[in-house]
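Take a look at the structure below.
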Amino acid sequence: MSVPISSVGTAGAAPEHLGGRWAWLRRAPVVRQVRQSVGLQRGMLLAGIGLTTAFVLLAALAPLLAPYGPSQRSDAAGSFGTQQPPSAEHWFGTTVGGYDVLSRVIWGAQTAVLVVVVAVAASLVIGVLLGLVSGYFGGWLDRVLVLVADAIYAFPSLLLAILLAIVISGGQSSMWGGILAAALSITVVFIPQYFRVVRSEVVRVKSEAFVDAARVLGTPHRRIMTRHVLRNSVRTLPLIVTLNASEAILTLAGLGFLGFGIEPTAAAEWGYDLQRAVADVTSGIWWTAMFPGLAIVIAAMGMTLMGESLNDLADPRLRSRTASAEVAGDVAETSVQADTTKEDER
């Protein structure tokens, strides 16, 4: 019985059509890195993505998940009480100030996300612009910016953040004032990193032949900088962003632990809660310090795992190893199918 050629062509075209429709998903940034990773590297990347996603969702859904407000110390039944152990009413117990630990941990995630977003976004924009201008034009401006960036980069980051937090906040620790003060103080610490990376890439890219061709054609400097130089100089920035996000969480926690964070009546902050719980540990009250500490460790670890995995995947040697594994798998499947055919013929 003969099979129509048209039906065979239609049946064979269906998988190709389906693959073409969803090809964009396979090329998505995170999905592409997961497909490139192998073995332990894939496990670390997936763990980092999972922890970071949970951290962001916890911050976004804080008004729905938190049983109480960040500064709430009583409800209709009365006061929560101080240093109460975990119970059905307060799953993580209460602090020395009478706050619900679970609510403080959840609202603290929202504070951390806001600080990280503001700090990383501001430092990214300022650092990229300064690096682009410095690397492209050079001259005395380049020398001055490099000198200032090296001086800031050599200064202890936490000490610089403390100094800037005092200057920016002016002793005030309201919610948005404290968040902006912490974010801007962290921004100054991060700017030299983006500046140095972008500047070095711009210096390399501006000597390429396509940039010289654009200059010969009379293309304005602004167009060359944005369409030719900048687009080829920011490929490694996503890796730095993930690593800086974890560093921003630790810096924010350090500021709060040293007393330069946000007051508990304004917003929840993990570092401040951890500092207030230090005296409780010696008295056997473990819950006031354990849960804020775990939140800091888990959030920083998730972003660090994701950043380090992405950084390793940028190594060409890992990509070649992954490609070799895929080719070996294809050869193995082909050889097995050939053996089966021989057995069928027999």
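Derivation of every value follows stated rules applied to the coordinates shown; laboratory data play no part. Since the structure is predicted, the reported quantities are computational estimates derived from the model, not experimental observations. When we count neighbours, we look across all protein chains shown, and the Cβ atoms used for this are built from the backbone with ideal geometry, even at glycine.
Remark: pairs (first residue in region 139-162, within 28 Å of A253 (Cβ to Cβ); second residue surrounded by 15 or more Cβ atoms within 10 Å (Cβ to Cβ) and hydroxyl-bearing (S, T, Y); Cβ separation under 6 Å; 6+ apart in sequence or on different chains) = A161/S185; A161/T251.
Given the condition more than 19 Å from the chain's Cα centre (by Cα) and aromatic (F, W, Y), answer yes or no: does some residue in region 186-196 qualify? For region 186-196, residues more than 19 Å from the chain's Cα centre (by Cα) and aromatic (F, W, Y): absent.
Which of the residues spanning region 95-145 are β-branched (V, I, T) and surrounded by fewer than 17 Cβ atoms within 10 Å (Cβ to Cβ)? Listed by number, the residues that qualify are V96, V117, V125, I126, V144.
Once region 84-128 is narrowed to residues that are within 13 Å of F190 (Cβ to Cβ) and small (G, A, S), the residue that is farthest from the chain's Cα centre (by Cα) is G127. So, in region 262-288, exactly how many residues are within 19 Å of A181 (Cα to Cα) and assigned to a loop (DSSP other than H, G, I, E, B)? Residues meeting the conditions: 8.
Contact annotation: residue pairs with Cβ atoms under 6 Å, 6 or more positions apart or on different chains, pairing a residue in region 239-261 that is outside any helix (DSSP H, G or I) with a partner that is among the aromatic types (F, W, Y), are G261/Y272.
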